Amino acid sequence: MILPLRIALSKGRILDDTLPLFAKIGIAPTEEDQRSRKLILNTNREDVQFIIIRATDVPTYVEYGAADMGVVGKDVLVEYGGSSFYEPLDLQIAKCRMMVAALKGEQPQTSVRPRVATKYVNITHDYFARLGIQAEVVKLYGSMELAPLVGLADYIVDLVETGNTLKANGLEATDLVMEVSSRLIVNKASMKMRHQQVTELLSKLRGVVGEE
Ligand code: ATP
Ligand code: PRP
């Protein structure tokens with residue numbers, strides 16, 4: 001039997017949008033696996049397996065070949081950096097924007113060194129550096145919107161979809177850093193060694209992307 005093609009899926013929000021996409025091309029976790037707490041899910045196709053991991057770990061699994069393919073947000077990919085895998089398809093799911101935000105009506109001084117709280121340290125450094133501003137970047141792991149409210153930071157860099165979280169916390173977006181959506185990534189060796197399997201899935205997914 002050939003080894004199943006292993007696809008790393010980001011758990012949480014992206015997973016909710018990814019499973020319907022795979023269902024459309026006829027691939028779904030087996031009933032019993034989906035309801036379990038298993039991390040490797042068998043599917044109705046013997047030659048395809050899903051692994052369910054944290055979004056930020058997906059590039060690592062795919063780079064090292066522990067997964068042949070992965071589904072992950074562009075935000076995570078840019079923060080991870082490098083070009084250690086292929087990124088052949090924008091799945092157009094989990095769409096949002098990465099924005100700079102600050103307390104409403106209070107544009108902090110940029111002449112002094114602004115302090116910026118974010119989970120995206122590399123992206124934030126680069127973004128402010130390109131504007132010629134040497135920001136002090138403070139790494140947080142969640143709830144970035146809190147930082148300006150309690151004096152931890154002048155700005156945040158975070159994802160915005162509806163804007164409800166910013167609004168509920170008296171913040172407003174000041175600048176766009178990047179548009180975000182989830183991407184399909186492919187391990188470089190898998191693209192060569194498992195070309196037929198990879199391209200079959202790729203072309204089927206390409207066919208259903210953007211369908212509502
Ligand atoms: P981790 O498990 O590493 O802590 P997380 O808690 O940030 O990740 P999610 O909030 O589920 O995980 O976000 C995962 C991905 O979903 C993000 O990397 C981004 O691409 C996308 N995303 C996050 N927030 C939104 C949003 N509000 N609207 C649309 N997509 C989003
Ligand atoms: C994400 C993001 C924002 C929020 C934006 O957080 O970090 O806080 O969504 O969405 P909105 O513009 O529609 O309000 P998430 O809900 O994933 O929670 P998290 O803090 O665990 O990342």
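The values are calculated or read from the model by the stated rules, or taken from the named source; none is laboratory data. The structure presented is a predicted model; accordingly, all values stated were derived computationally and were not measured. No Cβ is skipped: glycine too gets one built from the backbone with ideal geometry, and neighbour counts run over all protein chains shown. For accessibility, only protein heavy atoms count, side chains too; no ligands or nucleic acids. Shrake-Rupley method; radii C 1.70, N 1.55, O 1.52, S 1.80 Å.
Structure data summary
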item	result
Net lengthening on full extension, GLN196/ILE2 (0.36 nm per residue, minus Cα-Cα)	68.6 nm
Chain lengthening between VAL138 and LYS24 when straightened (0.36 nm per residue, less Cα-Cα)	36.9 nm
Approximate spin-label separation ASP90-ALA189, in nm, with each point projected 7 Å along Cα-to-Cβ	3.1 nm
Distant-in-sequence amide H partners of ARG115 (H built 1.01 Å from N, under 5 Å)	GLU136, ASP154, TYR155
In nm, spacing of pseudo-spin labels at LYS204 and LEU176 (7 Å Cα→C-beta vector)	3.5 nm
Accessible solvent surface per residue of the chain, calculated while the other protein chains remain in place, 1.4 angstrom probe, Å²	54 Å²
Projected label distance in nm at ARG35 and ASP126, using a 7 Å step from Cα toward the beta-carbon	4.5 nm
Folded to 0 to 90 degrees: helix 195-208 orientation relative to the chain principal axis, Cα	60 degrees
Rounded percent of accessible protein surface that carbon and sulfur make up, the chain, 1.4 Å probe	50 percent
Loop-resident sites, region 1-82, for chymotrypsin sites (Phe, Trp or Tyr not before Pro), counting at most 15 other Cβ within 10 Å (DSSP)	TYR64
Sparsely packed GluC sites (Glu not before Pro) within region 110-169, loop by DSSP, other Cβ within 10 Å at most 14	GLU161
Inter-centroid distance (Cα atoms) of region 82-153 relative to region 13-66, Å	29 Å
Qualifying GluC sites (Glu not before Pro) in region 1-54, DSSP loop, other Cβ atoms within 10 Å at most 13	GLU46
5 angstrom amide H check on GLY73, placed H, neighbours 5+ away	ARG183
P(r) tail fraction, region 96-179 - alpha-carbon pairs more than 15 Å apart, %	50 percent
